[in-house]
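The values are calculated or read from the model by the stated rules, or taken from the named source; none is laboratory data. Because the structure is predicted, anything quoted here is derived from the model rather than measured. Here the Cβ positions follow ideal geometry from the backbone for every residue, glycine too, while neighbour counts run over all protein chains shown.
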Amino acid sequence: MRKLRLALNKGEELRFLSHLDFAKCVERTIRRANIEMAYSEGFNPHMKISFSSALGLGITAKPEYLDMDTLDQGSLEDIIDRFNQAAPRGLTALDGKFLEGRVKKMMAVCNYAIYQVTGPVIVDGQALVEEDGTIHEELIERAKAINWTAILQDFNDKEQVLYEKVTPKKTKTIDVKHFVKQPVSAEIHDNGFVTLTMHIGIYPEGTIKPGELWAFGRDYFGWPLTDAYEVHRQDILIQEGDDLICPLDVEPLD
């Protein structure tokens with residue numbers, strides 16, 4: 001048995017698959033590709049696969065990482081090629097590596113994610129895009145002229161930003177900046193939309209979702225954003241001290 005770690009692309013076509021449905025999609029692809037896999041024992045054996053994270057509904061990712069215990073004797077290139085030939089649109093194996101020795105489960109060590117959140121802006125109190133999808137073409141040039149560096153500076157300069165997070169079970173005070181590892185940056189697009197790049201830490205006590213940070217900046221710091229956005233995870237990494245390590249580059253425990 002060999003442990004294979006694959007870097008996958010969850011593309012636009014699969015954006016609205018839940019994590020469970022995405023996992024089933026990957027399992028079906030492995031079966032169609034005739035990749036011989038190891039299964040758990042017991043009454044209801046299941047394929048031995050695990051992911052670097054549980055991607056939320058509506059989030060695309062490039063990459064998402066997959067660990068699989070395989071009995072297949074094919075080369076890395078052969079397995080990737082067979083996987084891609086069997087995969088549906090929106091699912092692609094990008095790269096991979098056979099892992100030697102013991103390694104920790106990715107969900108236990110992947111603690112740093114980079115997200116890109118894209119959506120329309122508000123210009124002088126008016127939304128660039130209406131709820132029915134109508135775009136106000138006359139606002140695009142003014143939207144492109146928004147000084148995002150100045151808008152984001154107040155939030156980025158603060159060392160601590162306290163926020164009361166309300167859930168159905170409890171209310172707790174969190175420090176938003178504890179989870180934001182780098183200054184939030186902005187890229188303005190030709191259509192007047194903006195992409196905010198967020199570096200977010202993932203800890204045992206929790207994390208902050210990129211959509212929550214988008215809404216928090218809008219509601220508490222006046223970021224001129226609507227409540228419409230799309231989320232793409234650009235990377236998920238392992239932070240050790242000042243180093244950011246790709247999951248394909250991890251060293252074995254022994």
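Take the residues in the range 155-179 that are modelled with pLDDT of 90 or more and among the acidic types (Asp, Glu), then tell me which one is nearest to Thr195 (Cα to Cα).
Within the range 155-179, the match that is nearest to Thr195 (Cα to Cα) is Asp157.
Are there any pairs with C-beta distances below 6 angstrom linking a residue in the range 227-246 that is among the acidic types (Asp, Glu) and modelled with pLDDT under 95 to a residue that is in a strand (DSSP E or B) and surrounded by 15 or more Cβ atoms within 10 Å (Cβ to Cβ), with the two at least 6 apart or on different chains, and if so which?
Going by the 6 Å Cβ cut-off, there are no qualifying pairs.
Considering each residue of the range 203-224, count those that are of a type in the set (Ser, Thr, Tyr) and outside any helix (DSSP H, G or I), and give that number. Explain how you work it out, then say what you get.
Let us first name the residues in the range 203-224 that are of a type in the set (Ser, Thr, Tyr), namely 203, 207, 220.
Still in the list and also outside any helix (DSSP H, G or I): 203, 207.
Adding up the residues that qualify gives 2.
Pick from the range 84-108 the residues that are in contact (Cβ under 8 Å) with a residue 60 or more places away in the chain and closer than 18 Å to Cys25 by Cα: which of them is surrounded by the fewest Cβ atoms within 10 Å (Cβ to Cβ)? Spell out the reasoning first.
Filtering the range 84-108 for residues in contact (Cβ under 8 Å) with a residue 60 or more places away in the chain gives 88-104, 106.
Still in the list and also closer than 18 Å to Cys25 by Cα: 88-94.
Working: Pro88: 13, Arg89: 9, Gly90: 16, Leu91: 22, Thr92: 17, Ala93: 22, Leu94: 14.
Among residues in the range 84-108 that are in contact (Cβ under 8 Å) with a residue 60 or more places away in the chain and closer than 18 Å to Cys25 by Cα, the one surrounded by the fewest Cβ atoms within 10 Å (Cβ to Cβ) is Arg89.
Hey, among the residues in the range 68-106 that are β-branched (Val, Ile, Thr) and more than 12 Å from Arg2 (Cα to Cα), which one's nearest to the chain's Cα centre (by Cα)? Don't jump to the end; show me each part of the working.
From the range 68-106, those β-branched (Val, Ile, Thr) are 70, 79-80, 92, 103; that's our starting set.
Within this subset, residues satisfying the condition of being more than 12 Å from Arg2 (Cα to Cα) are 79-80, 92, 103.
Working: Ile79: 25, Ile80: 22, Thr92: 16, Val103: 22 Å.
Looking at the filtered set, the residue picked out is Thr92.
Please enumerate the residues belonging to the range 33-83 that are buried (at least 16 other Cβ atoms within 10 Å of the Cβ), under 29 Å from Ile114 (Cα atoms) and of a type in the set (Asp, Glu).
Listed by number, the residues that qualify are Glu64, Asp67, Asp69.
Show the residue pairs that are 6+ apart or on different chains and have beta-carbon atoms under 7 Å apart, the first residue being within the range 135-164 and closer than 30 Å to Ile200 by Cβ, the second being in a helix (DSSP H, G or I) and β-branched (Val, Ile, Thr).
Cβ pairs passing all conditions: Val161/Val176; Tyr163/Val176.
For the range 193-235, which residues satisfy the criterion of being of a type in the set (D, E, K, R) and either over 17 Å from Ile59 (Cα atoms) or touching a His at 6+ places or on another chain (Cβ under 8 Å) (or both)?
Taking the range 193-235 and keeping what is of a type in the set (D, E, K, R), we get 205, 209, 212, 218-219, 227, 230, 233, 235.
Once the filter is applied, which keeps residues that are of a type in the set (D, E, K, R) and either over 17 Å from Ile59 (Cα atoms) or touching a His at 6+ places or on another chain (Cβ under 8 Å) (or both), the range 193-235 yields Glu205, Arg218, Asp219.
Is there a residue in the range 25-39 that is of a type in the set (Phe, Trp, Tyr) and in contact (Cβ under 8 Å) with a residue 24 or more places away in the chain?
The answer is no; no qualifying residue exists.
Anything in the range 5-22 that is touching a Phe, Trp or Tyr at 6+ places or on another chain (Cβ under 9 Å) and either at pLDDT below 95 or not aliphatic (A, V, I, L, M) (or both)? List them, or say none. Break it down stepwise before answering.
Taking the range 5-22 and keeping what is touching a Phe, Trp or Tyr at 6+ places or on another chain (Cβ under 9 Å), we get 5-8, 10, 14, 19, 22.
Correct list: Arg5, Lys10, His19, Phe22.
Among Leu139, Leu152, which is the only one that is assigned to a helix (DSSP H, G or I), modelled with pLDDT of 95 or more and surrounded by 18 or more Cβ atoms within 10 Å (Cβ to Cβ)? Give the steps one after another, and end with the answer.
Numbers: Leu139 fails: modelled with pLDDT of 95 or more.
From the options Leu139, Leu152, the qualifying one is Leu152.
May I ask you to list the residues in the range 222-243 that are within 14 Å of Val161 (Cβ to Cβ) and surrounded by fewer than 16 Cβ atoms within 10 Å (Cβ to Cβ)?
Filtering the range 222-243 down to residues within 14 Å of Val161 (Cβ to Cβ) leaves 222-223.
The one that is within 14 Å of Val161 (Cβ to Cβ) and surrounded by fewer than 16 Cβ atoms within 10 Å (Cβ to Cβ): Gly222.
Restricted to the range 193-205, and to residues that are out of contact with any Pro (no Cβ under 7 Å at 6 or more places or on another chain) and touching a residue at least 24 places away in the same chain (Cβ under 8 Å), which residue is farthest from Val121 (Cα to Cα)? If you could, list the steps in order and put the result at the bottom.
Taking the range 193-205 and keeping what is out of contact with any Pro (no Cβ under 7 Å at 6 or more places or on another chain), we get 194-197, 199, 201-205.
If we keep only those that are touching a residue at least 24 places away in the same chain (Cβ under 8 Å) as well, we get 194-197, 199, 201-203.
Values: Val194: 7, Thr195: 10, Leu196: 11, Thr197: 15, His199: 21, Gly201: 26, Ile202: 28, Tyr203: 31 Å.
Selected residue: Tyr203.
Since Val117 meets every condition but one in (1) closer than 18 Å to Lys3 by Cβ; (2) of a type outside the set (S, T, N, Q); (3) buried (at least 16 other Cβ atoms within 10 Å of the Cβ); (4) touching a Ser or Thr at 6+ places or on another chain (Cβ under 8 Å), which condition does it not meet?
Unmet condition: (1).
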